[in-house]
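See below for the structure under consideration.
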Amino acid sequence: MKYRTHLSSEISEALAGREVIIAGWIHLKRDLGGKKFLIIRDKDGYIQVVISRKEQPKLAELFYELTPESTVSIRGTVKLDKRAPNGYEIVPAEIIVHSRAKAPLPLDVSGKVPADIDTRLRERVLDLRRDESRAYFKIISVALRAIREELYRRGFIEIFTPKIIATATEGGAALFPVAYFGREAYLAQSPQLYKELMAGAFERVFEIAPAWRAEESDTPYHLAEFISIDMEMAFADYNTVMEVLENVVYRAVKAVKEECVKELKILNYEPPDIRLPLKRFKYVDVIKALQEAGHNIKVGDDIGTPELREFCKVVKEDLFFIVDWPSEAKPFYTMPRKDNEMFTESFDLNWRFLELASGSTRVHIKDLLIKRLKEKGLNPESFRYFLKWFDYGIPPHAGWGMGLGRFALMLTGARNIREVTLFPRDKKRLKP
RNA sequence: GCCGCGGUAGUAUAGCCCGGCCUAGUAUGCGGGCCUGUCGAGCCCGUGACCCGGGUUCAAAUCCCGGCCGCGGCGCCA
């Protein structure tokens, strides 16, 4: 017997009387004695199978051996019946059990009893069979495709930079050490330096790949391993790449709203409507607004989460840029402003209090890079292999990086980045 | 790392403040029974739990101390 001839989504009233083979998981069983119902789940949805004790005594016996989440193929006839969900169901002739699930399940997949996120992550594969979980990852996939399409449309090429690196790319964040053939190596915290160099070869590049931070961060918005969407663009400044970013976001949201109607309904969530251009607030004006709201904050300070919560309430914006950050708040490769080098050509994209993306015009002049490295307390010598290429015509360039998980929170309404990460890695979690 | 809250059957919860009426309640699951149209099926019977260690007390799920774990808020962090 073939595994399957039709997905649940391919069965309709038009197939009435036809023999089909469906395949999937046993989602629910309902036993009414003479009539027994199986709800079969596949990647697209659900379909009901009905067994009559009188007419199918052998299958009625088999029914008792079927456990929830077992995988089966069922050969049967499509039958129209007003009493069935959607008006049709399958009358089986044969049921093949491919893999019998142990009972009871460590997690209720059918959604009758909720489970804590901790339990769900422990039982993640079962959890990922739930409608909500599958909706999250469908939405993320649709968004990723839209992001790629928009960047390709604008003449970017997709690249992969090395993830095992010899030294810290930019100082600051702690790195995970790796044993590399007897030498010291690290997992990349960011593709930053490599993507800048690639802008010096391909002009427009992007990368969607994991990055690692060995930070103590323990919040619903940080992970030790996360997917970063990075781009870098030659002959561009931060205004140009901000425009690319807001268009990428716009396209992704549009695609999700158009293609994920079912998923958004499952999640009972509607992503924000986006009107371009997004508002740009100057860093100094944000500080001023916060001071007026009574916060003890001064120019030069980073803007913390409580302050950002306050700020988006005050300005009544959900999605906005904060631009022209002070030099001390941004990394060494960030270009200082020409009119005032205390500030930089830089931006954060915020959704409410959450920093989705950050970017800047980059420094493409070697002497200035060395000066900035020293100001940050970093040793230019350890960046020798990065710096030397700046002797050979690195163009002016700009770029940004966006955290996929954080973006996914905006797209899905999830409250914890672990929800939208298949197998999250955080301070405490290394398995599964 | 700091602050707050929490840890009770497979899962989710009640009980804890005010120690004994707890033989630890409920839902769901699981096992069994009844039931020919369920769609959170229903009804009956059964099954299964107080995070670990120490202390207070005649008596601890309940109070105290320590540990471990979780969630949230911060911090750290391109």
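Structure notes:
- Number of the condition not met by residue A:255 [criteria: (1) closer than 25 Å to residue A:318 by Cα; (2) open to solvent by 50 Å² or more (accessible area, probe 1.4 Å); (3) not basic (Lys, Arg)]: (2)
- Set side by side, the residues A:288, A:338 differ, and just one is at pLDDT 90 or above, more than 16 Å from RNA strand B (Cβ to nearest atom), in a helix (DSSP H, G or I) and open to solvent by 20 Å² or more (accessible area, probe 1.4 Å), which is A:288.
- Unique residue being within 26 Å of residue A:230 (Cα to Cα), open to solvent by less than 60 Å² (accessible area, probe 1.4 Å) and either at pLDDT below 90 or assigned to a helix (DSSP H, G or I) (or both) when the list is A:303, A:297, A:322, A:370: A:370
- Looking across the range A:102-113, the residues that are more than 7 Å from RNA strand B (Cβ to nearest atom) and not hydrophobic (A, V, I, L, M, F, W, C) come down to A:102, A:110, A:111.
- Candidate set from the range A:306-319 (those that are within 13 Å of RNA strand B (Cβ to nearest atom) and open to solvent by 30 Å² or more (accessible area, probe 1.4 Å)); member that is nearest to the chain's Cα centre (by Cα): A:309
- Residues in the range A:204-240 that are of a type in the set (Ser, Thr, Tyr) and outside any loop (DSSP other than H, G, I, E, B): A:228, A:238, A:240.
- Residue match in the range A:392-399 (condition: within 11 Å of the chain's Cα centre (by Cα), open to solvent by 10 Å² or more (accessible area, probe 1.4 Å) and either outside the structural domain of residue A:231 (by TED's automatic domain parsing) or modelled with pLDDT of 95 or more (or both)): no
- Selection within the range A:47-56 - in contact with a strand residue (DSSP E or B) (Cβ under 6 Å, 6 or more places away or on another chain) and more than 9 Å from RNA strand B (Cβ to nearest atom): A:47, A:49, A:51
- Residue in the range A:87-96 that is more than 30 Å from residue A:14 (Cβ to Cβ), near RNA strand B (Cβ under 10 Å from one of its atoms) and not aromatic (Phe, Trp, Tyr) present: no
- The range A:114-129, residues that are more than 6 Å from RNA strand B (Cβ to nearest atom) and open to solvent by less than 40 Å² (accessible area, probe 1.4 Å): A:120, A:121, A:124, A:126, A:127, A:128
- Residue A:424 being within 31 Å of the chain's Cα centre (by Cα) and within 30 Å of residue A:249 (Cβ to Cβ): yes
- Residues that are more than 19 Å from residue A:408 (Cα to Cα) and open to solvent by less than 90 Å² (accessible area, probe 1.4 Å) within the range A:261-279 comprise just one, A:276.
- Any hit, the range A:252-260, residues being over 19 Å from the mean Cα position of the chain (by Cα) and more than 13 Å from RNA strand B (Cβ to nearest atom): no
- Residue-level check: of (1) assigned to a loop (DSSP other than H, G, I, E, B); (2) within 20 Å of residue A:383 (Cβ to Cβ), residue A:201 misses just (1).
The values are calculated or read from the model by the stated rules, or taken from the named source; none is laboratory data. Computed from a prediction, not measured in an experiment: that's the story for all the values here. Positions of Cβ are generated from backbone atoms using ideal geometry, with glycine treated the same way; all protein chains shown enter the neighbour counts. What goes into the accessible areas is simple: the full protein's heavy atoms, side chains included, and nothing from ligands, DNA or RNA. Shrake-Rupley method; radii C 1.70, N 1.55, O 1.52, S 1.80 Å.
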